[in-house]
Amino acid sequence: MGTESLPVCSHNEWDTVEEVIVGTALGACIPEWHVTLKATLPERYWSFFKEHGGQPFPDEIVRAAERDLDGLAKILEAEGVRVRRPEPMRQARGFASPHWRSRGGLYAAMPRDCLLVVGDEILEVPMAWRCRHFETQAFRPLLKEYFLRGAKWTAAPKPMLGDALYDEGFHESAKNGVASVLTEIEPVFDAADFLRCGKDIVYFRSHTTNALGVEWLSRHLGSAYRFHELECDDTHRMHIDTTFLPLRPGLLMVNPERVRTIPRLFRSWDILEAPPGCTPDDVPLYFSSKWLNMNVFMLDEERVLVAAHEKPLIAALRNRGLAPIPVPFLSFYPLGGSIHCATLDVVRRGALKSYF
Ligand code: DAV
């Protein structure tokens, strides 16, 4: 099969995008309190999760977030991109494994977290949060369709997520310099802890990705790919795309609060230090910091989708010669991501290359 006809094909963050999955907020559930939330989420919202975990997210938050997603889908279509959406699922219902139970799921809002596209393969990742164990199910109609059209559809070994995976005392026990709530009892990872730059893949270990997870993925992908670990300063780390984002060959955006040393691989690249995010204080960021501003999405090497209220970042991107397209997205922020999180680039036209 020529690459022209592949239903799934994407090697990096910047080749011209042709097809994108945009998540849905519909059905979102407040996750049940767990030590994995304690490790990653802002302390001022812990009581919110403790009180309301397992209940549907408030309707007004869900509806406003969905309006932003629908708007994003329209903008993508106007730019010539084919948009696909998951099947909304009611996440506020309990489920169990032989070893644990959860009062509910989370959402299908962030295809970036649960699915990884590398080349012609789309992979369901072994997520570390119990509430996210069945998260790819909302995407199954799409996955099945891609499979029937010839895509390589895989899933990493289903993690057991038993108590031994979680280290309640994680604050004190920095393992190899990375403090994580996860032990190494089995491989787990979120797709959003990995960034594709052709034959090079940049990742960090986090509260959602352990070293065994990285080992599993790198062995699975094989010797065509080189893996590079990013070191950074963030004790709450979860998902690399608010810390580090290659925008196009030769241009890297970094979070200046978290990235102290540019990895050697990128030393010859131009470095854009992201300006601080502009989320007003009355917008509840249940799952994140204001660095969601960095979570932009490249349509090609010039056009970049940015949340419309992030004016300093829009100016900085324009200064570097990019063509920012503002997308109203502030109402989506309470769900914990911005445009990069809410999308999955299933098809980008281009070949597997080395950029370094
Ligand atoms: O504030 O960097 C981002 C989480 C994205 N899912 C942060 C957390």
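Round to a whole angstrom and tell me the spacing of the C-alpha centers of the range 40-79 and the range 303-333.
Centre-to-centre (Cα) distance: 20 Å.
Could you check what % of the DSSP bridge pairs in the range 141-251 are antiparallel, to the nearest 5? List each step's numbers first, then the result.
Values: 8 of 12 bridges.
If we restrict to bridges inside the range 141-251, about 65 percent are antiparallel.
Using Cα positions and a limit of under 27 Å, work out the lysines in reach of residue 38, with same-chain residues fewer than 8 apart set aside.
Straight-distance partners of residue 38: 50, 158, 175, 290.
If amide hydrogens are placed 1.01 Å from N in the peptide plane, which non-local residues have theirs closer than 5 Å to the one on residue 182?
Under 5 Å from the amide H of residue 182 lie the amide H atoms of 167, each far enough along the sequence or on another chain.
Just to be sure I understand: of the beta bridges DSSP finds with both ends in the chain, what percent are antiparallel, rounded to 5? Mind showing how you got there, number by number?
On the way: 29 of 50 bridges.
Counting only bridges with both partners in the chain, antiparallel ones make up about 60 percent.
Once phi is turned into ³J(HN,Hα) by the Karplus curve 6.51 cos²θ - 1.76 cosθ + 1.60 with θ = phi - 60°, what whole-Hz value does each residue of the range 117-127 show in order, with x for glycine and proline?
Listing the rounded values in order: 9, 10, x, 8, 10, 10, 10, 7, 8, x, 6 Hz.
Indicate the gyration tensor shape class of the chain (rounded, prolate or oblate), computed on the Cα atoms with a ≥ b ≥ c the square roots of the eigenvalues: a/c under 1.5 is rounded; otherwise a/b larger than b/c is prolate and the rest oblate. It would help to have the intermediate numbers written out before the result.
On the way: a/c = 1.20, a/b = 1.18, b/c = 1.02.
Judged from the Cα gyration tensor, the chain comes out rounded (a/c under 1.5).
Pick from 155, 39, 138: which residue has the top mean-square fluctuation in a GNM of the chain where Cα pairs under 10 Å get a spring?
So, out of 155, 39, 138, the one fluctuating most is 155.
Quick query: amide H of residue 306 versus all other amide H atoms, modeled in the peptide plane; which residues come in under 5 Å with a sequence gap of 5 or more or a different chain?
Counting only residues 5 or more places away or on other chains, the set is 325, 327.
With springs only between Cα atoms under 10 Å apart, run a GNM on the chain and tell me which of 283, 304, 327 wobbles the most.
283
Amide H to amide H under 5 Å from residue 152: which residues, 5+ apart in sequence or cross-chain, H placed 1.01 Å off N in plane?
For residue 152, the qualifying residues are 122.
Take the chain, connect every pair of alpha-carbon atoms lying under 10 Å apart with a spring to form a Gaussian network, then pick out the residue of 289, 180, 268 with the largest mean-square fluctuation.
Of 289, 180, 268, the Gaussian network model singles out 268 as fluctuating most.
Report the antiparallel proportion of the DSSP beta bridges in the range 194-245 as a percent, rounded to a multiple of 5.
Numbers: 4 of 8 bridges.
For the range 194-245, the DSSP antiparallel bridge percentage is about 50.
Using alpha carbons only, how many angstrom separate the centre of the range 215-272 from the centre of the range 276-301?
Their Cα centres are 18 Å away from one another.
Per the helix-only calculation at 222 nm, which mean residue ellipticity applies to the chain, given -39500 (n - 2.57) for every DSSP H run of n ≥ 4 and division by its residues, nearest 500 deg cm²/dmol? Each step should come with its number before you reach the end.
Numbers: 7 runs with 66 residues, N = 356.
Result for the chain, helices only: -5500 deg cm²/dmol.
Assuming R0 = 51 Å, what is the FRET efficiency of residue 184 and residue 318, from their Cβ-Cβ distance, to the nearest 0.05? Mind dumping the intermediate values first?
Values: r = 44 Å, r/R0 = 0.86.
That gives a FRET efficiency of 0.70.
Could you tell me which of rounded, prolate or oblate describes the range 34-161, using a ≥ b ≥ c as the square roots of the eigenvalues of the alpha-carbon gyration tensor, with rounded for a/c under 1.5 and, failing that, prolate when a/b is larger than b/c and oblate otherwise? Could the numbers behind the result be given before it?
Numbers: a/c = 2.10, a/b = 1.25, b/c = 1.68.
It is oblate, given that a/c is not under 1.5 and a/b is not larger than b/c.
Under 1.5 on a/c is rounded, so check that first for the range 177-266, then, if it is not, pick prolate when a/b is larger than b/c and oblate when it is not; a ≥ b ≥ c are the square roots of the alpha carbon gyration tensor eigenvalues. Intermediate values should be presented prior to the final figure.
Numbers: a/c = 2.12, a/b = 1.14, b/c = 1.86.
The shape class here is oblate.
Go through the range 9-15 residue by residue and turn each phi into a ³J(HN,Hα) via Karplus (6.51, -1.76, 1.60, θ = phi - 60°); whole Hz please, and just put x for glycine and proline.
Coupling constants for the range 9-15: 6, 7, 10, 7, 9, 9, 4 Hz.
A short reminder: the numbers here are calculations on the coordinates, not readings from a lab. These numbers were taken from a predicted model, which means no experiment stands behind them. Glycine gets a Cβ as well: all are built from the backbone with ideal geometry, and neighbour counts include every protein chain shown.
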